[in-house]
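For reference, the structure is listed below as structure tokens.
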Amino acid sequence: MRRIRLWSCAAAMLMLAAWAVSREGAIAAPAAGQQADAGKAAGTEKPDPAATMTAKQIAEGKELFQGSCGECHGVDGSGAVGPNLHGVAQKRGDQDLFSVIRNGIPGTGMAPVMSLNDHRAWEVIAYLRTLGPSKDEMAVTGDPAKGHQLYNENGCATCHSIGGQGGTVGPDLSQIGNMRAPKYLLDLLRDPGAHPPADTALPERGQFTGYMVTQVITKSGQEVTGIRVNEDTFTIQLRDVAGHYYSFNKADLKSLKEEPGKSVMPSFANLPPGQLDDLVAYLSGLKGAQ
Ligand code: HEC
Ligand code: HEC
């Protein structure tokens, strides 16, 4: 077995730094907008269109949401590749949501949604207003402090980092409480492979293609399974669970197989349900440093 160790630690750090910078494009959410209501009261601004929608228009908004947003945010808005949107209208305010739909969030997978005209965008917002923070959502019953302890005991930090501490095999979890609904987190802990990355065609998989489990077998018989860090026409780079990097010339490969249903993350389905709830409670509370 010949192991090709491509990148030094320093190069890996550089890559991470570049990734971090590219993520900085995201706009921080302004405080929930009360401006629309204030403006309306003072008669200086147009009334908030989403506030005046009829039940029929809200139902249309729901359908439009499922068609235009559901693919990334889940058909019920509880999060998939994109974050959970339950409670987002209350958090961001209507005007800000409108701007997210029109302009996207630069530097992320949230692109401007061109398929909706302004009126339809407001219908979608009217629908989002009906998704309260806890509606249709699993209640978080666990104890976050115990969850924190379990996080450390179960070796999560060897692969994940929070607030800059921990490993980089898996995604950073500092904001996971914003990104994912509790139900998603529970399902993921039980069966990580059933979750992303399933479809690598989406632009926001830019982050997630890195986690595509890929197996290569070289013509000389070397076999490596790892997560795909990078790929171009002629080469592919993998990183195994231990954090070692490999680079292969595709011409030297006997086979290259992507395994979209798999994750290098182990399943934690064998933990007692109470402990899973504690972990979910801990993760749900991680909402970034701000
Ligand atoms: C191609 C996938 C994709 C589609 C389609 C998409 N989004 Fe997003 N959306 C994302 C991703 C990814 C993010 C997270 C961006 C980030 O990293 O901050 C996001 C973020 C958001 C946010 C900010 C969430 C927060 O917690 O502040 C809102 C609001 C949002 N999307 C609404 C929508 C709406 C409404 C639609 C449909 C009209 C839509 N998105 C369509 C991928 C998508
Ligand atoms: C061997 C490395 C490894 C270990 C150990 C591990 N994970 Fe993961 N985790 C990953 C990878 C890689 C992903 C990326 C998606 C995928 O492959 O499923 C991931 C994804 C996740 C996600 C979803 C992130 C998102 O943005 O949707 C959460 C939440 C998570 N892990 C939590 C945990 C917790 C909690 C533990 C410990 C109980 C843990 N992980 C242990 C590697 C690991």
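The values are calculated or read from the model by the stated rules, or taken from the named source; none is laboratory data. Quantities reported herein were computed from a predicted structural model and do not represent experimental measurements. All Cβ positions, glycine included, derive from the backbone under ideal geometry; neighbour counts span all protein chains shown. These accessible areas exclude ligands, DNA and RNA; they are computed on the full protein's heavy atoms, side chains included. Shrake-Rupley method; radii C 1.70, N 1.55, O 1.52, S 1.80 Å.
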Practice item. Output the relative contact order of segment 34-129, whole-number percent, from Cα pairs under 8 angstrom with separation of 6+ residues. Key: 32 percent
Revision key, fill the gap. Diffing segment 143-153: the Karplus 3J(HN,Hα) column from phi (6.51, -1.76, 1.60, θ = phi - 60°), in whole Hz with x for Gly and Pro, holds 9, x, 5, 5, x, 4, 4, 5, 4, 6, 5
Check your understanding: Using modelled backbone amide H atoms (1.01 Å from N, in-plane), which distant-in-sequence or interchain residues come within less than 5 Å of HIS160's amide H?
Key -> GLY167, GLY170
Exercise for review: Compute the accessible area per residue over segment 34-129, keeping the other protein chains in place, probe 1.4 Å, unit Å².
Suggested key: 50 Å²
Exercise for review: Leaving ligands, DNA and RNA out of it, work out the accessible area of LYS219 with a 1.4 Å probe and give it in Å² to the nearest 10.
Suggested key: 140 Å²
Point to revise | Amide H partners (placed H, <5 Å) of SER263, local residues excluded | key: GLY193
Practice item. Order the following by accessible area, largest value first: LEU256, LEU128. Probe radius 1.4 Å; ligands, DNA and RNA are ignored. Key: LEU256, LEU128
**Study point:** Exceeding the 26 Å Cα-Cα cut-off - candidates LYS91/LYS262; LYS91/LYS146; LYS62/LYS146; LYS56/LYS183; LYS62/LYS262; LYS183/LYS262
**Key:** LYS91/LYS262; LYS91/LYS146; LYS62/LYS146; LYS56/LYS183; LYS62/LYS262
Check your understanding: With Cβ to Cβ distances under 10 Å as the rule, what net charge do the other residues near ALA126 carry (K, R +1; D, E -1)?
Key -> -2
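Length gain on complete extension for the stretch GLU153 to THR141, per 0.36 nm per residue less the alpha carbon to alpha carbon distance?
2.3 nm
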Check your understanding: If ligands, DNA and RNA are left out, what is the accessible area of HIS160 with a 1.4 Å probe, given in Å² to the nearest 10?
Key -> 30 Å²
**Study point:** J(HN,Hα) series, segment 213-221, from Karplus relation 6.51 cos²θ - 1.76 cosθ + 1.60, nearest Hz, glycine and proline x
**Key:** 6, 9, 10, 10, 10, 7, 5, 8, x
Check your understanding: Using heavy-atom solvent-accessible surface (probe 1.4 Å) with all chains present, what is the largest-first order of GLU258, GLU123?
Key -> GLU258, GLU123
Point to revise | ASN103 paired with HIS244, simple spin-label distance in nm, labels 7 Å along Cα-to-beta-carbon | key: 4.8 nm
Check your understanding: Quick one: if you stick a label point 7 Å off each Cα along the C-beta vector at ASN270 and ASN178, how many nm between them?
Key -> 3.6 nm
Point to revise | At 0.890 mPa s and 25 °C, Stokes diffusion of segment 34-129 via Kirkwood alpha-carbon radius, µm² per second | key: 181 µm²/s
**Study point:** Solvent exposure ordering (accessible area, 1.4 Å, most first) of MET265, MET114
**Key:** MET114, MET265
Revision key, fill the gap. For LYS287 the rounded accessible area (nearest 10 Å², probe 1.4 Å, non-protein molecules ignored) is 110 Å²
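Around GLY147, what is the net charge, scoring Lys/Arg as +1 and Asp/Glu as -1 over all other residues with Cβ under 11 Å from its Cβ?
-3
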Practice item. Name the long-range amide H neighbours of ASN84: under 5 Å, sequence gap of 5 or more, or other chain; modelled H, no Pro or chain starts. Key: ARG180, ALA181
